[in-house]
Structures are given as structure tokens and as C-alpha cells.
């Protein structure tokens, strides 16, 4: 992928404020004031079982009753009633990129997805607006009975399995937008890994919002049965619209005994997407969940990957790196509930604020009574690149167990003059040196990604900072 | 506060009580209400009269005692005691408990420390609730440390009565080039809820050192605001909190740094025993116009009770990159196995360790104090 390809998927280019929406043909659009009839219609279009309709309607009632959170910043323009809630593209689901409409194929190509799919992935699912339009499953997954498909298909083809796990770890009553999610959910990816199967290459789900004033409510579920392993990568992008759009997705991860799930998100929404992403994992005995969160895009982003460690010796690792470049808000964090003995967690959060950006870490470590010898380590680092940028850390640490330990530390600072001086003495300009420092700051995330993807992310970050005259 | 002004303030505060909530913090659902506000609901608001300030040599154990409906003051050169005669710097509309504080004020006293008192003996002020009735017993005190004054201040909040709910608001103004060392001791009756708010304003080239010890109450909420308003201010705050039985102690510390070249260091140590709950919530806030600020916040909590809870919420809010350092660190831990083993080889039990730990807390505080202030702490130390 060239630098020009990447510029094509990003909104920033001097003098270039808005690129056109994707010319997606749309078969069905449901928009306007939310009603029970609307929910019933979505369920009917999707030919869902009765239990799912009941769940949607229950969630809709909750949406109406629950209060609006009073702490969300930067969402003044969000008017749910003014959005399209369900958009079915007039595009048949395919299993080869070449079979997709040309504009879409070109867009995926500019994101480097066909190349990644061919080289490093064992499966790829693509979602456009509210429906999946691409699912490719490689032979290895089929042979090993790994289920990888979109969530709507999973509901039809594996009804019992789907019902057993759906909405179990992320309850609809959690908050107002959780209820909204469950009343309107559509699309997303579904993965089930049978016992002892270790998937050698990652699977990826990629989400695109094609137009302004749309909402996307995908629901992704990853289930790793006993002793299994999978690396799931989630990516998202949207062109720059003349107006905002809204993303309110959810991810539920079930890690069974001795299983291991690594879940990576590279969030590169355009800078007019309001992004809520609710991520929860429940981890059984000796299970391990890793959340890796790279938040680069979006106008406002609220993301707190969570883990409920309910089995003895369950582990969680949450690493988030966010970049708030411009007048945008990144409210990220992590939550870990230790409810079993000998559980452990590690949270690392790194944020960069530049050009008036705001980065907030908001986290919770909860150690319940009985979670003996639980340990948790939290580290938050914030880098402020200029005077107008802001950073805040708001961690909550609650220990109810006598034999448990939490260590938390945070720092906020600027790029040190010594470091800049050293790099400049090696022939780099100040801006180049700054870009290098930023990339070094994000290295923890980069090193966890497959090489091809790390390379793309690297270039995306360089481009972000090329506006400042740095590498690019 | 003059009588008319005080009455107006009380009446205004009274109208606010039903209108505003106990907490106005906007945060995600992760934020819990660590103060049990319901425990304050059983107390009545009794409107006081004008403060009765009596200058007498019969004041016991202190230089100024604010107790019940009376303020007793020793006649000391360089200390001026009177009614507050301007608007308060802690406001009644900050929260419901603040409105209650002002509506139920018994005394509103201003103490001015002039240069004449500088570099002399520690000034000892006792604020106590002494009324045996189910009421809020509120006192509002403003202490003004004039320019260039060096002051050692012992501030004791304690219970003499066993029924009223202790409630205090203390404003401390540290003027230019002044230097204040404060030993703050809060030792309130553990069966009634208490609320205490100490707000400190520090001005150019001043220095503030606070050593605070809080022993628990049924529900004790302590708020400290440290506001470094101008430039070249040095602030150092060491806090020790001990909870036992079923005590709940919620300590909120709001450190605000404005101006240039300000240095703020906050360190807390806490010991949650038995079934107690201690929450320590320090914030370090650096304003957008602050330059070269240094803020270091740390808390070390021992959670050693059979059903005790330790909660730490250290918040940093940085609004500029022209900072020197901003950091926080917390640990919540138990007594390590190595320590237990070592102690047991010396023939000591776990309860002995608890005792030693509590003594260690006092040592942390004592180390910061001049000789003249150490005695005050030894009095309460023996009781633990």
C-alpha cells in the first residue's frame, strides 16, 4: 500500500475537507423517530426468531426508561431520531473481493484488506452499514470446525449456540446506549473455536459506514472453548462525510477454561463519527483475554474494554493506545472485575493529545471479596504535544479482599527537550523527531500486530503527524 | 460574619437544601458514591445566632476553642479574632451538604495571624461538636495568614458531644511569602456522621506544609482543596488515615495548580482494619495557564481487615503541556507474606503488625513536624 492509497482513506489533506460518501446502493433504509413498529420491522426483515424480537422490544422499553448519561462530552449534535437506524445495502454477500461492486473493491483495496486477507488472515468478514457483504473463510477453519461468519447468519445457522451466548456478558440494562444497541443491533461477526483448537492466523472483521447520518449497531461474539486460541482483529473506517454518523457496537468475548482470546481493534473512523464501542469478556479458570485497542480516528470515542475474571487464575491484559489529533475527544479506559482467587490483570494505557485534542483514561479495577491473591497492575501514560491539548486520568481502584494487591501509576508530560535535542543532533528535524517519539510511544501496540498491519498503522500515524510537518 | 449577613446566608443556604444534590460529579457509572449521604439525613438543622466570641484566659488545651455555641479565645499578641465580614470562599451552592453546613451555622469566625505572631509558638485551634442533640453542629472558620508570616498551626477537629453531627468549613488563606506548617488532626465520635471541608488558598512565593491524621467516624467525609493561585508556591501534603470497626472514611483531595513554577506533593497512607472502608480520592489539576508545574500524587493503602475495603481514585487533569511533571501512583496491598514470616519468627502476631503499621503511619506524620508540634500527636497516638 502506498502513502497515496492511505491518504485516500483519511480525511486529512491540506485544503481537502470533505470527500464524498461511498456510492452504496441501498435496498432498505429505516430512519426517523424510533418506534416499536420500527423494531418489529427490522426483526421481520431479518427473519429472526421470536425470542430475539422479544429481546429487542424489551431493550427498546429500557432505552425509553433509562436516563441519558450526564458525563458524556462532545455528543451535543447526537440526535438518535435524526439518524438512519437500519440500512441494508443492495449488495449481495460475496466471498471474493473481485465479485464486489467496483467502488467497494477499490475502497477495500485502498485499505489493504485483500492483501492482508491473502497473506495473514484465516478469515475475513466485511460489513457495510447494517449488513455483512463479504465473508471469506479459509479451508483451515472449516477443517477444524471453527465457525466464522456474520452474526445474522450465525443466529440462523447455529440458533442454540447463538442463544446460549448472546447478551450474557454485556447486559442491555447496563446503560441507555446498551439498551439502544440491543433494540437495533444488526450485523457483526461470530466466531466459535472448538475445544483445544488453536487458530494459527488471525481472523478479521471490518466495518464501514458509507454515508452521513447513519448509525451502525454491529454485535460481535467470540467464543473460545476449552483450551482454544484465537486472535480476532477488528477494523473500522469511514470516508469523511458532510455530517456526522453514529457507531454503537458491542463485542462479547467468552473465554472458557484454559482458552486464550486476543482481540485487537484498529479504530480509524473518520473524524465525524461518534464512536461508542462496548467490549466485555468473561474469563473462566486459567483463561486469558487480551484486549489491544488502537484508537486513532473518530470525533468522539468512548471505549472501555472490560474483563470479568470469574475463574481461578484467569488473566486479562488490556493495552490501549489512543491518538487525539485535533479538536477531538478520546475517552478510553479499561475495567477489570476480579471475582475469583489468583486472578491477575495488567492494564497499560497510552494516549497522545495534539492540536487541541483531549485524551481521557477512565478505568476501574475491582477486586471482590474472596478473590484471594488477586493482583492488578495499571499504568497510564499521556503525552501532550502542545499547549492547547488536554489529558486526564480517572482511575477507580476498589479492593474488597484482604489478600489482594493493586499497583497503579500514571504520568502526563510533554516530549522531553533532551530527547528532542538528541534526535536533532542526529540530523532529524524537530517535526521528524516528534513523529519518531510518537511512534516509539505507540510501539507497545505495534509489536502485537501482524507485520503487514503494523506497517499500515505505522503509515497512518505518520500521516496524522505529517500535518505537523513530520515523517510522511 | 456579622449577624445580618450571617442570617441572610443561612436563609439562602436553607432554600438550597432541597434544590441541589449531595454530589455533582459527572462521571461514568464506574463512579460510586463513596460517601453514604443517607447517614446525614437523620439530623436536624438548627439555626444559630450571632457567634459569641469570648476573650478569656480560661481556655483549656488550646489557644482558640470553638465549641457548641461559643468561641473562647486567649488573648494573644498578633492574633485577631472576630466575625467573618465578607462572602465565604467555600460556597453554600457547592452541594447539599454545603447548603446544610451554612444553613445550620452556629459560628462563623475569622482568625487573622499578623506578622507580630510570626515565628512564635504553634497556634492551637480546637473545633469540636459539643451538643448532645440530633442536630448538625456547624462551624465556619477563616484563618488568614498575613504576608511574610511564619506559622505553625495545630488544627484539631474532635467530638466533645456524642449526638450531634460534626460539620465544619475551614478557609485558610496563605498570603504572599508566608509559610505555614499545619498539623491537622481529625478525631471524631465514631457513631455520628461528620463532614469537614478545609480549603486552602496559597499566594505568591508562599509555602504550605500539611500533615493530617484522620481517625474514623461512622461516616466521615473529609474534603481538602489546595489551590495554588499564584506563582512559586511550594505545597507538601502528607495524609494518614486509619479506619477500624465499621467506620467509613471518604477523603477527597482536590489539588489545583495555577500560575507558574508551583510545586505540589501529596502523599497518603491509609490503614483499613476490621470492617472499615477507606476511600482516598486525590485529584491533581493543572490549569491551562500554569507553567512549569510539578505535581506528584501518591497513595499507599493497607487493606488488612477481615471485611475491610480500600478504594483509591487518583485523578490527574492536565490542561497544558507546559508542565514539568505530573504523575500519580497508588498501591493497595496487604501485609506481605515475607513480612508476616519475619514478624512471626520474632514471636509477634498479625495484630501486633497492625499496631506497628499504625505507629508507622504516625511516624510518617511526625517526621514532618517540628518539635513543638509533636506532642499534640502523641496524645492521640497512644489511644490506637
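Shielding by partners for peptide A:356-365, expressed as the average number of C-beta atoms from other protein chains within 10 Å of each residue's C-beta, is 2. Across every pair of non-identical alpha carbons in the range B:187-243, the mean reciprocal distance, once inverted, gives a Kirkwood radius of 12.7 Å.
Using the empirical formula 2.2 N^0.38 Å as the baseline, the Cα radius of gyration of the range B:234-384 reaches a ratio of 1.18. If you find the alpha carbon centre of the range A:86-159 and of the range A:187-216, how far apart are they in angstrom? For the range A:86-159 versus the range A:187-216, the Cα centre distance is 9 Å. May I ask for the Rg/Rh ratio of chain B, computed from Cα atoms with Rh as the Kirkwood radius, given to two decimals? Ratio of gyration radius to Kirkwood radius for chain B: 0.96. Could you tell me the ratio Rg/Rh of the range A:62-206? Both radii from Cα atoms, Rh via Kirkwood. Reported Rg/Rh (Cα atoms, Kirkwood Rh): 1.02. Each of the peptides A:58-68, B:275-285 was scored by the mean count of other Cβ atoms within 10 Å over its residues; in descending order, highest first, they stand as B:275-285, A:58-68. With helices as the sole contributors, chain A gives -7000 deg cm²/dmol at 222 nm; each DSSP H run of n ≥ 4 counts as -39500 (n - 2.57), and the sum is divided by every residue. The value of relative contact order for chain A, using C-alpha pairs under 8 Å at least six residues apart, is 10 percent. Measuring nothing but alpha carbons in chain A and taking Rh as the Kirkwood radius, the Rg to Rh ratio lands at 0.95.
Averaging Cα coordinates gives a centre for the range B:269-313 and one for the range A:316-360; these two points are 20 Å apart. Per-residue Cβ neighbour counts within 10 Å put A:43, B:290 in the sequence A:43, B:290, beginning with the fewest. Taking label points 7 Å from Cα along the Cα-to-Cβ direction, residue A:80 and residue A:451 give a separation of 4.7 nm. Looking at the protein assembly as shown, what % of its DSSP beta bridges pair antiparallel, to the nearest 5? Among the beta bridges of the protein assembly as shown, antiparallel pairing accounts for roughly 10 percent. When each of B:101, A:443 is scored by the number of other beta-carbon atoms lying within 10 Å, the sequence from fewest to most is A:443, B:101. Ordered by the count of other Cβ atoms within 10 Å of each Cβ, fewest first, A:236, A:380 give A:236, A:380. For the protein assembly as shown, a Kirkwood hydrodynamic radius built from all Cα pairs, placed in the Stokes-Einstein relation at 20 °C and 1.002 mPa s, yields a translational diffusion coefficient of 73 µm²/s.
Here the relative contact order of the range B:200-325, from alpha carbon pairs under 8 Å that lie six or more residues apart, stands at 23 percent. The calculated P(r) of the range A:151-298, using every Cα pair and 5 Å bins from 0, goes 2, 9, 19, 21, 21, 14, 8, 3, 1, 0 in percent. Working from Cα pairs under 8 Å separated by at least six residues, relative contact order for chain B is 10 percent.
Values quoted throughout were computed directly from the atomic coordinates according to the rules given, and no laboratory measurement underlies them. None of these values were measured; they are calculated from a predicted model. Virtual Cβ from ideal backbone geometry, glycine too; neighbours counted across all protein chains shown.
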